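Asker: Shown below is the structure under consideration.
The values are calculated or read from the model by the stated rules, or taken from the named source; none is laboratory data. These numbers come from a predicted model, not from an experiment. Note that we place each Cβ from the backbone using ideal geometry, even for glycine, and neighbour counts take in every protein chain shown.
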Ligand SMILES: [Zn+2]
């Protein structure tokens with residue numbers, strides 16, 4: 001975009017204001033790796049769900065259990081939605097998670113739920129891609145800056161209809177598992193955690209970009225369920241998202257979700273987070 005306004009004389013001073021972290025991470029509950037260690041050492045797999053390419057599946061995880069999203073067969077990204085399995089109106093809040101944690105998530109980060117409950121839904125307890133960090137393009141893995149691919153954007157930009165975008169895949173999966181119509185289910189689909197996806201903003205124009213995911217078969221990201229969860233995972237039609245998305249051109253692979261049960265009493269310190277204590281009065285005497 002062409003700039004129409006000249007910089008004021010004190011432009012350099014204004015730009016030199018120091019950045020201030022909006023939400024200090026030291027005010028969040030401390031992530032204690034050791035508190036999960038005993039549970040992770042001896043947990044056992046109790047369920048698994050294979051997510052077919054260009055499709056989605058749901059899975060249930062009880063509070064106190066773990067789940068993993070595992071790369072199998074080939075490099076593939078996934079779009080993850082999470083709900084409180086007992087109340088779908090409490091769901092993953094990508095934007096608040098971005099503010100409280102970072103643009104890309106890894107071990108120790110929490111996935112926060114929507115207002116007014118706003119609590120940790122899940123904690124990331126292992127990430128085999130944590131070595132990636134930030135590359136020379138400013139990209140990282142597992143972002144909460146983008147959202148799922150969807151047929152409405154496709155119609156806007158390409159004037160065609162593609163039915164196996166992550167948004168549609170997640171919609172069908174939720175409709176099937178909860179006996180909802182597609183319209184009912186679609187209203188519950190929300191901004192995602194882009195699992196294994198490698199993304200950033202370009203350094204010159206700050207546009208959202210993707211590049212081929214570094215994930216390889218055997219890699220996984222692991223979560224601890226802080227509350228009862230219903231999850232939905234789409235194996236994105238973009239495959240490793242190294243070239244395109246929202247079409248049938250790119251090779252796609254399945255993803256595996258595994259649910260793990262820790263041994264009884266292996267997490268004596270843990271208790272499920274309660275909903276936010278804010279009363280919802282918003283400055284008035286009645287809610
Ligand atoms: Zn997608």
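Asker: Might you check whether a residue that is in a loop (DSSP other than H, G, I, E, B), crowded, with 17+ Cβ neighbours inside 10 Å and modelled with pLDDT of 95 or more occurs anywhere in the range 64-72?
Answerer: The answer is yes, given that some residue of the range 64-72 is in a loop (DSSP other than H, G, I, E, B), crowded, with 17+ Cβ neighbours inside 10 Å and modelled with pLDDT of 95 or more.
Asker: Right, next: Which numbered condition trips up residue 274, out of (1) under 18 Å from residue 85 (Cβ atoms); (2) in contact with a strand residue (DSSP E or B) (Cβ under 9 Å, 6 or more places away or on another chain)?
Answerer: Of (1) under 18 Å from residue 85 (Cβ atoms); (2) in contact with a strand residue (DSSP E or B) (Cβ under 9 Å, 6 or more places away or on another chain), only one is false for residue 274: (2).
Asker: Right, something else. Can you tell me which of 58, 50, 107, 125 is under 16 Å from residue 192 (Cα atoms) and modelled with pLDDT of 95 or more?
Answerer: Just one listed residue meets the conditions, 58.
Asker: When the residues of the range 198-222 are filtered to those that are within 15 Å of residue 71 (Cβ to Cβ) and in a strand (DSSP E or B), which remaining residue is nearest to the ligand (Cβ to nearest atom)?
Answerer: Here the answer is 198.
Asker: Can you tell me how many residues in the range 51-82 are in contact with a helix residue (DSSP H, G or I) (Cβ under 8 Å, 6 or more places away or on another chain) and more than 16 Å from the ligand (Cβ to nearest atom)?
Answerer: Result for the range 51-82: 2.
Asker: Take the residues of the range 185-197 that are in contact with a strand residue (DSSP E or B) (Cβ under 9 Å, 6 or more places away or on another chain) and part of a loop (DSSP other than H, G, I, E, B): which is nearest to residue 132 (Cα to Cα)?
Answerer: 192
Asker: Quickly run through the range 136-160 and pick out the residues that are in contact (Cβ under 8 Å) with a residue 24 or more places away in the chain, more than 16 Å from the ligand (Cβ to nearest atom), surrounded by fewer than 19 Cβ atoms within 10 Å (Cβ to Cβ) and at negative phi.
Answerer: Within the range 136-160, just 137 meets the criteria.
Asker: Quick test for you: out of 106, 58, 125, 117, pick the one residue that is over 25 Å from residue 176 (Cα atoms) and in a strand (DSSP E or B).
Answerer: 125
So that you can scan it fast, the table gives a plain yes or no per residue for (1) within 16 Å of the ligand (Cβ to nearest atom); (2) assigned to a loop (DSSP other than H, G, I, E, B); (3) at pLDDT below 95:
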residue: 243; (1), (2), (3): yes, yes, yes
residue: 248; (1), (2), (3): yes, yes, yes
residue: 252; (1), (2), (3): yes, yes, no
residue: 258; (1), (2), (3): no, no, no
residue: 270; (1), (2), (3): no, yes, yes
residue: 278; (1), (2), (3): no, yes, no
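Asker: Also, I was wondering about something else. Residues of the range 161-181 being more than 19 Å from residue 51 (Cβ to Cβ) and either buried (at least 24 other Cβ atoms within 10 Å of the Cβ) or away from the ligand (no atom under 16 Å from the Cβ) (or both), which ones?
Answerer: Once the filter is applied, which keeps residues that are more than 19 Å from residue 51 (Cβ to Cβ) and either buried (at least 24 other Cβ atoms within 10 Å of the Cβ) or away from the ligand (no atom under 16 Å from the Cβ) (or both), the range 161-181 yields 179, 180, 181.
Asker: Pick from 190, 104: which is farther than 25 Å from residue 248 by Cα and either within 14 Å of the ligand (Cβ to nearest atom) or surrounded by 14 or more Cβ atoms within 10 Å (Cβ to Cβ) (or both)?
Answerer: The unique qualifying residue is 104.
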